[in-house]
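Reviewing the structure listed below.
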Amino acid sequence: MGAGAGARRPRAPRAPSRTDFFDEAAARLKRAVAFDGACWHTLDPGSDLITQHRLQDLPDRFPVLANNEYAVDDVNKFEQLARADRKAATLSEAPSSAARSSRMAQPGAR
């Protein structure tokens, strides 16, 4: 069929849902790096605010995370990592006094 009015164009593939995207990313990452749970976030590039999060095999402690991200001076902030050359960091490389390692890694911390 020619390029006339009756011609159909192929459809662009649909983007996966946020849940499917994070689940697939976790499955791929887990093949390379073992982990027990994951916490995924999206950031608004203009405001650096967390816009969505997805937990996998972890309790929901989002209020603690948000407080740490926006109200506490700390290392490994998401907006810092997003702009850094190296996009990932570990708590083992952070100072032991870092709030993220002392508060976030402890169950029930506030």
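The values are calculated or read from the model by the stated rules, or taken from the named source; none is laboratory data. It should be emphasised that the depicted structure is a prediction, and the values quoted were computed from it without experimental measurement. Using ideal geometry, Cβ is built from the backbone for each residue, glycine included, and neighbour counts are taken over all protein chains shown.
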### Query
Pick from segment 14-23 the residues that are over 13 Å from the mean Cα position of the chain (by Cα) and over 25 Å from residue 83 (Cβ atoms): which of them is modelled with the lowest pLDDT?
14
### Message
Looking at 38, 82, 88, 34 in this structure, which one is surrounded by fewer than 14 Cβ atoms within 10 Å (Cβ to Cβ), among the hydrophobic types (A, V, I, L, M, F, W, C) and touching a strand residue (DSSP E or B) at 6+ places or on another chain (Cβ under 8 Å)?
### Response
82
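One line per residue, one yes/no per condition, for (1) in the same structural domain as residue 83 (by TED's automatic domain parsing); (2) under 24 Å from residue 83 (Cα atoms):
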| position | (1), (2) |
| --- | --- |
| 8 | no, no |
| 25 | no, yes |
| 29 | no, yes |
| 33 | no, yes |
| 40 | no, yes |
| 44 | no, yes |
| 48 | no, yes |
| 64 | yes, yes |
### Query
For segment 30-58, how many residues are of a type in the set (D, E, K, R) and within 9 Å of the chain's Cα centre (by Cα)?
1
### Task
Can you give me the number of residues within segment 70-91 that are assigned to a helix (DSSP H, G or I) and either of a type in the set (Val, Ile, Thr) or over 17 Å from residue 38 (Cβ atoms) (or both)?
6
### Query
Among (1) outside any loop (DSSP other than H, G, I, E, B); (2) surrounded by 11 or more Cβ atoms within 10 Å (Cβ to Cβ), where does residue 48 come up short?
(1)
